Every structure is written in C-alpha cells, then in structure tokens.
There are 2 protein chains.
Amino acid sequence: MMDHRATIKDVAAAAGVGVATVSRVLSGNGSASSRTREKVLEAAARLDYRPSALGRNLKLRRTGALGLLVPDITNLFYSRLADGVLSCARSMNEHVIVGTTGNDPEREAELIGGFVDQSVDRVIAVPSGDAEAWIPVLRADIHLVFADRLPLGLSPTPTGRDATALHKVPAVLADDRSGIHAAVGYLAGLGHRRIGFLGGNGRQQAFREALTHSGVPADDELIVTARGARDTSYAAAASLFQRRPDISALLAGNNILGEAAVLAARELDLRVPKDVSIVMFDDVPWAELCSPTLTVISQPARDMGYRAAELVLRDPRATRTRPTVLPTELVVRGSCAPPTDGAGRGRYGTDPRDRGLRG
Amino acid sequence: MMDHRATIKDVAAAAGVGVATVSRVLSGNGSASSRTREKVLEAAARLDYRPSALGRNLKLRRTGALGLLVPDITNLFYSRLADGVLSCARSMNEHVIVGTTGNDPEREAELIGGFVDQSVDRVIAVPSGDAEAWIPVLRADIHLVFADRLPLGLSPTPTGRDATALHKVPAVLADDRSGIHAAVGYLAGLGHRRIGFLGGNGRQQAFREALTHSGVPADDELIVTARGARDTSYAAAASLFQRRPDISALLAGNNILGEAAVLAARELDLRVPKDVSIVMFDDVPWAELCSPTLTVISQPARDMGYRAAELVLRDPRATRTRPTVLPTELVVRGSCAPPTDGAGRGRYGTDPRDRGLRG
DNA sequence: ATCTGTGCTGGAATCGTTTCCATGATGGAC
DNA sequence: GTCCATCATGGAAACGATTCCAGCACAGAT
C-alpha cells in the first residue's frame, strides 16, 4: 500500500520505464511509442498518480497562480470584478490568490512582496498607493495589469527608466469621464446649479470638467474628497449636507458613498429627490430596491475583471500604452428631479430655509 | 550585476559561509555565532535576498496557502465571510486561494482537485455537494473546516471509516434554528397563519420545526426550495406569490432570495407589509435603505470566516465533533405587520381577493 | 555490408531550499 | 595535560518534477 502520494518515480518503476519517459507522456511534450504510452498511462491510472505542482513549480520557476489585489472584497463592485477574474482564470486552470489592501499603500506593499516571494506569475491590481510600489513586481518579471484605476503619479509623462516601464503596464478602466459628464449634464438639464460631489481624486477631476462643460459654476465647498471606507463615508456625506443645506444635487463617487448619501439624507430629513437629487457611480441591485429608486452610472464591473484576466493570461507579453476603456451608462431611475427651492435662481440661494437638520 | 534573483548560494558565497549556515540564520532554526550571523545578514541585505517560496515549498512539502471555496463571491454574505478569512490569514502570513463553486458539485470537485494538486495546506469551504467529494482532501492530509453549512449527507450518523473522518471535520455555522424560530415566532405573534418559506434544505427543516413550535400549520405549497442563484430567485418568489395570493408572510432564506422577494412583491403590486410581511435571513446594508426597511435575521458573516480561519490556522490538529455555532439575531425593522385580510381567521382564508396580480 | 538519419529511451543534471550528519574547534572539569 | 561535552559549521542528500543529451535500434539508401 502507498503510504503517501505516488511520485513520478513510482509510476516509472511500475511501468518499467524511466522517469523522463513518464514525464514526456504525461505532459505531452516529447514523443513516445504508443506501446510505452499505454504502459505509462495504465500505471499512472492504477497508482492514482497526480503530478505534484510543487516539483513542477520549482523546476519551471513559476506557480501558475494569479494574484488579485482589491481594496475591499465586500464592496460589490470589487467582488464583481473579482468574479470576472475568477471566471476567466478558471477557464485557463489558473489559481487566484486574493488580497485586500483596504486602500492602504503599506498593506499593498506587503501583499506585493508576498506575491513576489511566492513567484506568482501574474497580478491584477486595483492599485491603492504610489506607482513606485509596483517596480518590484516588474523587476520580478511578473505580468501586471491595473484595473479600475491607475496608481498615484502615473498619469503624468514618464521620467526615469522604471517609470517608463510602469507606463507600459496594461490597464482596464471604466469610462468615468463619459459617465460623469452624462450625469452632470442630466442634472444641469434639470436645472441644478449647486451640485455636490463625494469621491476620489480621479473622478473628482472628471466632475470638475463636466461642471465646466455644462456651464455650472464649481463650488469647492461642495466637492468633498472621500475614498469610500465604510466607517468614514456616512460622516462625509452627513457633514456635507449639514454644511451646505443649499446643495440641490449630489453625485456619489462609488456605491459605498452612495449608500452613505442616501442614509444621511434620510437621517437629516432631506427628501429624495424633492430636497436633494442623488446620482451614484456604479449600479447595484439595491438601487432598484430603495425608494425612490436610485439613478446611477453603471459600469461593467465583472467585465472589467474578465478583460483584465484575459489581458494578463492570454497575451501576457502585450504591453499597451493606451488603457482598455469600457463604457459606462447613465441609468435614470427615480432619485433626481428639478430643484424646487433656491437652486437655479442665483449663484447662492438667499437665506436657504432650514430643512430640519438636526445636528 | 545580478541578472536575476539572488539565491541562498549567492548569499553563502558573499558571506563566505555554507548554505546550511545561511539557512539556519535566516530561518532562525539552528544556532550560529553572532559573528557569522552578522555576516550573513549583511550579505543577505546587500544582495536583497528573498528566499524563494518555491524551493522551500518543495522541501517542506507544503505551500503555506489556504484554499477558500464559496458558492458566489458577489453574494455579500460570502464576500463578508471571505473578508474574515482574509483578515485572519493575513495576520498569519498565509495566502488565500479563492474559488467559486456556483453551488455546482462538479465545479466544486474540480476545485478540490486543484487544491490537492497544488498541495494547499488548509481549506475552508462552504460545501455545495456531496460529503464524499471531500474524502480526497482528507486523504491528502489537508486541514479542512466547513463554514456556513455542512455537505449533503453529513448530518446522519457516521457509517464507514471515511464517513467517520468527515464527521470530525470542524465546522463554523450560524445558529439558523434560533434565528428562524425567533422570526417565525414573531410572525405568528403578529397573527400570521400562512407563512411561506423560500430557501435551501437546511433552513427549510428549521422553518418547519419553528412552525410546529409556534402552532402554525405547515403548508407544503408555501414552502419552496430555492438555492438563491441570481437568475432563478426572482421567478421562484414571483411564482410563489402568484400561486398563493393568500400568503400573508414570507421568510426568505438568504439575501438573494430576499431581494427577489421584495422585487417580486413590488412588481406584483403587493404592498409590504400591508399585503405581505417579509423577513430575510442575513442582514445587508440595503435592508435599511429599501422602504419599508427590511426585518432580518442577522448572522455574523465576517466572524464566521474569521473563526473558521482561526480554527484551521491556529490549531489545525483539533478535530471537533460539535460544530462552532455563532449566534443569530432577529432585527425588527419595518417589513412586518399583522395580516390585514383573511389571514388568521381560519385555516384558509375564503375567497382571497385578487390583489391585482398581473400574470 | 556499411553508412546515415530518425525516433525512442533513460540516466543525470537542475531548480532553491531545509536538514541530517560528520567534522573541527572551544572550553571547562578533572 | 587530558578528556569529554558542547557548539558552530559546511558538505551532501533529499523534495518531485522537467529536460538536455547521449545511446541505441531500426529503416532506407548507397
């Protein structure tokens, strides 16, 4: 009886051939006479031989594993993205090692180090920190693809040699700009003049552009930088509503911030959309369940993951200078209406009525 | 210059010692004089040496990786569970390989095979299929913990030798029974007599018990088996509402089915809670956002993952005959009210008024 | 009959680590 | 001064695969 798993040596002995022959037959690389092939296959089957990935990995200096880094797996957007990655990886028989960064560059760097140590072959990442954190990955010859966003400091023109390499890392992004332009245009068309924004830097930039494009004055006080951590989002939304009760519409930069905005509005007795209109970036099932139903900018989260995995698995050598950009779409539901009060009359509504703010 | 990563040999050469010494110093196992220790550490730092996990894994016949199998990573319950696992694994420097089974036993078996081949050390699984699928895992000496539920055919008393081993696999479960008893008791207390159920076998069993316990007659037509796949859930909920318009309350067995129930009720113009009361197993953020807010049975999803990871990482040798059961809690919100019509008067409300069902 | 090219085959080297074991050195006790 | 225990040390053997390369058999051409 076998005490443990059969190795290639056991199979070779059982089939009366050399280990090299067994390897050739089973991996299908070299050639073998049909007679020996049969013997080997029979012996392998009889011993229930399963090649050890450990031995192979060492010899080939690769693991056949794909690293995936997302900020927060409980955020539906990222779990959908992960689902896309998993789906593609499964079809290629690759394992996926998942790590969550919590948007913390330090944690991200740790996880990157782990991937390098483990000789992970490929990495798909929603980067949380600086571009330089990724240099070790490139040096280790790991194929890298960014998803959803680019690392900080990667948009400007390249400077050093490593920076150049980083600029060639493929990326799969959503067309934030169009989606945000559509949303702002829609709100402006309804007559909104004091439109707030809650979100990260990238989309904030697009939001400002969209305001200009729609001829709505930008008001820095209405633009709040927030990353969408669950514990700080509500406070960010609530304090914006309280600080500026004259706000007539709000664009939330992701689904966590959108949730916070809806909750904060409800808590402060702001009726949606009568008192304030809300648009959220990213569509989620509950957008149809809450009342009023939420108008959103939908993005193909699962596709982004799938495409990123395709890029990194199918043609890992391909380096692109232009990122793959997937379309977004404004899905109009029930959370927006023309402003009823003060808004649209002048630059600042005079003496905005207190709408029952408690804090 | 180094063309590639420095190996332990390079460090040994640079420090003027043998490889064994380097290994001892760096892994902290054997002893070494402070003089050589210093030399080795200096050389390692200078060469930026990072031990190859590949080599170590082969020698130690382990990967230091944790496999995690869940039905669907986009289901918030499972992504929370995964988050708990990831969190605990990170604190132990273990990598987590995530696979999704889609509740498909065949896919599950494939993924299990992959884990065995890869020499994954430990596995946490929400099992989707038969108990026998896990025998290869045990044979490979992989430490296994079940989470959220047990494999089919594991509740009865053990029969064979392997079955016995399977019965010793630790498990972390939610206290479904109490939660469901509380919910059914609550609904019965409100006066409901025709309470429906939508969900899997395990919780269905608990539901029937709870009905008996509360003195409410069980009605097989009101009990629908559904696993909670996104594409079939809505149809299951809608057809239940249509088939039995006299249903006065519904308990949904998970958050996907709950979502489907709320959506189906809305689509069929059933007002919640006036026409039908709804309770959902598993608390999610949108339960507070939808209107009316949803009464739920909350379960500590993240904790379950964390505890499972603790079990499998900290004392992997511990085998338990009693599963770890974590508490559930009925969170009363706004989706339940006393039945208004027909219900509570007799066994079957006579001639229930059509409430505008469209189908 | 000899030569050559083709196609199988298996021994051995390799990947980078850990760990066993033999060796040499050191230091204290007698 | 001798002896023994203790300790640091490095060579070498695993771990389980892949793959290079040399050897060998055999068929066809000369």
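Read-outs throughout are calculated quantities, based only on the coordinates presented, and are distinct from any laboratory measurement. Given the structure is predicted, the values throughout are model-derived calculations rather than measurements. For neighbour counting, all protein chains shown are included, and Cβ atoms are generated from backbone atoms with ideal geometry for every residue, glycine included.
Which value in Å does the Kirkwood hydrodynamic radius of the stretch B:1-145 take, with 1/r averaged over all unlike C-alpha pairs and then inverted?
17.7 Å
With θ set to phi - 60° and the Karplus curve 6.51 cos²θ - 1.76 cosθ + 1.60, what are the ³J(HN,Hα) couplings of the stretch B:21-28 in order, to the nearest whole Hz, using x for Gly and Pro?
Listing the rounded values in order: 4, 4, 4, 5, 4, 6, 8, x Hz.
If you take the Cα Rg of the protein assembly as shown and divide it by 2.2 N^0.38 Å, with N the number of residues, what do you get?
My calculation over the Cα atoms of the protein assembly as shown gives 1.08.
Charges at C-beta only: +1 for Lys and Arg, -1 for Asp and Glu. How large is the resulting dipole of the protein assembly as shown about its Cα centre, in Debye rounded to 20? Intermediate values should be presented prior to the final figure.
Values: 88 positive and 82 negative charges, 299 e Å.
The dipole of the protein assembly as shown has a size of about 1440 debye.
So, with +1 on the Cβ of K and R and -1 on the Cβ of D and E, and no other charges, what is the size of the charge dipole of the stretch A:176-294 about its Cα centre, to the nearest 20 debye?
In total the dipole reaches around 160 debye.
For a quick check: sort B:R90, B:R194 by the number of other beta carbons within 10 angstrom, fewest at the front.
Listing B:R90, B:R194 from fewest to most nearby Cβ atoms yields B:R90, B:R194.
Give me the one-decimal nm value for the distance between modelled label points at A:E267 and B:E106, 7 Å along each residue's Cα-to-Cβ direction.
4.9 nm
Could you order the peptides B:27-36, B:234-243 from most to least packed, using the average number of other C-beta atoms within 10 Å per residue?
Ranked from most to least packed, the peptides come out as B:234-243, B:27-36.
Using the Cα gyration tensor of the stretch B:292-333, with a ≥ b ≥ c the square roots of its eigenvalues, what is the shape: rounded (a/c below 1.5), prolate (a/b larger than b/c) or oblate (neither)?
Prolate shape, in that a/c is at least 1.5 and a/b is the bigger ratio.
For the protein assembly as shown, give me the percentage of DSSP beta bridges that are antiparallel, rounded to the nearest 5 percent.
Percentage antiparallel, nearest 5: 10.
Taking Cα pairs under 8 Å and at least six residues apart, what relative contact order does chain B come out at, in percent?
17 percent
Among DSSP beta bridges lying fully in chain A, give the percent that are antiparallel, nearest 5.
10 percent
Using the count of nearby Cβ atoms within 10 Å as a rough guide to exposure, how do B:D117, A:D269 rank from fewest to most?
If I rank by nearby Cβ atoms, fewest first, I get A:D269, B:D117.
Using modelled backbone amide H atoms (1.01 Å from N, in-plane), which distant-in-sequence or interchain residues come within less than 5 Å of B:H95's amide H?
Excluding prolines and chain starts, which carry no amide H, the hits are B:L66.
Say we join alpha carbon atoms closer than 10 Å with springs in a Gaussian network model of chain B; which of B:K59, B:K39, B:K274 then has the biggest fluctuation?
B:K39
Indicate, rounded to the nearest 5 percent, the antiparallel portion of the DSSP beta bridges found entirely in the stretch B:58-134.
For the stretch B:58-134, the DSSP antiparallel bridge percentage is about 0.
Provide the gained length on full extension for the span A:D141 to A:D231, in nm with one decimal, where the gain is 0.36 nm per separating residue minus the Cα-Cα distance.
On the way: separation 90, 0.36 × 90 = 32.40 nm, distance 3.74 nm.
In short, 28.7 nm is gained.
Which distance in Å, rounded to a whole number, links the C-alpha centroids of the stretch A:157-234 and the stretch B:291-322?
38 Å
Any chance you could list the semi-axes, whole Å, largest first, of the equivalent ellipsoid that the Cα gyration tensor gives for the stretch B:8-51, using √(5λ)?
In descending order, the three semi-axes are 14, 10, 9 Å.
Excluding B:R230 itself, calculate the net charge of residues whose Cβ lies under 10 Å from the Cβ of B:R230, where each Lys or Arg counts +1 and each Asp or Glu counts -1.
On the way: positive: none; negative: B:D72, B:D231, B:E259.
Around B:R230, the surrounding residues sum to -3.
Fully extended, how many nm does the chain gain between B:R314 and B:E329 (0.36 nm per residue separation, minus their Cα-Cα distance)?
Extra length available between B:R314 and B:E329 comes to 2.6 nm.
Angle check, please: helix A:201-214 long axis (alpha carbons) against the longest principal axis of chain A (alpha carbons), in degrees 0 to 90, nearest 10.
Approximately 40 degrees, to the nearest 10.
Put +1 on the Cβ of each Lys and Arg and -1 on the Cβ of each Asp and Glu in the stretch B:176-299; which of B:V296, B:A261, B:I195 then has its Cα farthest toward the positive end of the dipole?
Farthest along the dipole direction, towards plus: B:I195.
How many angstrom separate the Cα center of the stretch B:240-257 from the Cα center of the stretch A:84-104?
Cα centroid to Cα centroid, the span is 35 Å.
Under a Cβ-Cβ cut-off of 13 Å, what is the net charge of the residues other than B:T21 that fall near it, where Lys and Arg count +1 and Asp and Glu count -1?
Local net charge: +4.
If neighbour count is taken as other Cβ atoms inside 10 Å, put B:V332, A:V312, A:V116 in order from fewest to most.
Numbers: B:V332 14, A:V312 28, A:V116 19.
Going from sparsest to densest Cβ surroundings: B:V332, A:V116, A:V312.
Shortest first, in nm, what separates the label point of A:G334 from those of the same position in the other copies (7 Å along Cα→Cβ)?
Copy-to-copy label distances for A:G334: 1.3 nm.
Once you list every other residue whose beta carbon is under 11 Å from the beta carbon of A:A210, what net charge do they have if Lys and Arg are +1 and Asp and Glu are -1?
+1
Let me have the relative contact order for the stretch A:8-51, percent, based on Cα pairs under 8 Å that are six or more residues apart.
42 percent
A 23 angstrom limit on the alpha carbon distance is what I want to check against. Which of B:K9/B:K59; A:K274/B:K274; A:K9/A:K39; A:K59/B:K39 exceed it?
Details: B:K9/B:K59 16 Å; A:K274/B:K274 26 Å; A:K9/A:K39 14 Å; A:K59/B:K39 30 Å.
In this structure, A:K274/B:K274; A:K59/B:K39 exceed 23 Å between Cα atoms.
Consider just the alpha-carbon atoms of chain A and return their Rg together with their Dmax, both in angstrom.
26.7, 94
Sorted from shortest, what are the nm distances separating the label point of A:K168 from equivalent points in the other copies, each placed 7 Å from Cα along Cα to C-beta?
5.6
Subtract the Cα-Cα distance of B:S87 and B:E38 from 0.36 nm times their separation in residues, and report this length gain in nm to one decimal.
14.2 nm is the gain from fully extending B:S87 to B:E38.
Using only C-alpha positions, report the orientation-averaged shadow area of the convex hull of the stretch A:261-330, nm², one decimal. Before the final figure, lay out each step's value.
Working: hull surface 24.7 nm².
Seen from a random direction, the Cα hull of the stretch A:261-330 projects 6.2 nm² on average.
Mind running the shape call on the stretch B:124-235? Use the C-alpha gyration tensor, a ≥ b ≥ c as the square roots of the eigenvalues: rounded below 1.5 for a/c, prolate if a/b tops b/c, oblate otherwise.
prolate
Averaged across A:40-52, how many Cβ atoms of other chains sit within 10 Å of each residue's Cβ atom? Show your work: numbers first, answer last.
Values: counts 0, 0, 0, 0, 0, 0, 0, 0, 2, 0, 5, 1, 5.
Counting Cβ atoms of other protein chains within 10 Å of each residue's Cβ and averaging gives 1.
Considering the rotational relationship between chains B and A, which residue of chain B contributes the beta-carbon of minimal distance to the axis, and what is that distance to the nearest Å?
That would be B:W286, 2.
From the label point of A:D269, set 7 Å from Cα along Cα→Cβ, how far away are the matching label points in the other copies, in nm, ordered shortest to longest?
Reported distances to equivalent positions: 3.4 nm.
Let me make sure I get this right: for the stretch A:176-294, a, b and c are the square roots of the gyration tensor eigenvalues over alpha carbons, sorted descending. Under 1.5 in a/c it's rounded, otherwise prolate if a/b > b/c, else oblate. Which is it?
rounded
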